[in-house]
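Following: one structure in structure tokens, then a few remarks.
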Amino acid sequence: MKIEILGAARQDLLDGYRFYEKQAEAVGAYFLDTLISDIDSLTITGGVHSTHFGGYCRLLSKRFPFAVYYRIENQTARVYAVLDCRRSPAWIRNTLTQPTRNAPG
């Protein structure tokens, strides 16, 4: 299975990196390494995760309180968002339903 990280999800990863890098040096890099590793696991486990918020599969990160929201489309795991699980479910739902989340790039 292929993996495609859409533009909004890439921005989520960058925002998370910046947040954790402000906490302590090198934690942002560890965040990125961890989340990219979690996303890479979708080549094997894509599609087995529970669905939430209108059909997005949700992969929970192993080390950080973040979730990867993706859909399987044409044998590709398309990552739409990487969001902080500490946010309210309403905020997550609203974020996932924004039209910009569904745009490629």
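Quick notes on this one:
- With both residues required to sit in the chain, DSSP beta bridges show an antiparallel share near 80%.
- Per residue, the chain exposes 56 Å² of solvent-accessible protein surface, assessed with a 1.4 angstrom probe and all protein chains in place.
- One chain, two ends: residue 76 and residue 18. Fully extended at 0.36 nm per residue, the span grows by 18.1 nm beyond their Cα-Cα distance.
- When region 1-102 is described by a simple charge dipole with +1 on each Lys and Arg Cβ and -1 on each Asp and Glu Cβ, the residue from 6, 26, 91 located farthest towards its positive end is 91.
- Sparsely packed trypsin sites (Lys or Arg not before Pro) within region 33-105, loop by DSSP, other Cβ within 10 Å at most 16: 62, 63, 86, 87
The values are calculated or read from the model by the stated rules, or taken from the named source; none is laboratory data. These numbers were taken from a predicted model, which means no experiment stands behind them. In this analysis, Cβ positions are derived from the backbone assuming ideal geometry, glycine residues included, and neighbour counts consider all displayed protein chains. In case anyone asks, the SASA skips ligands and DNA or RNA and just uses the protein heavy atoms, side chains included. Shrake-Rupley method; radii C 1.70, N 1.55, O 1.52, S 1.80 Å.
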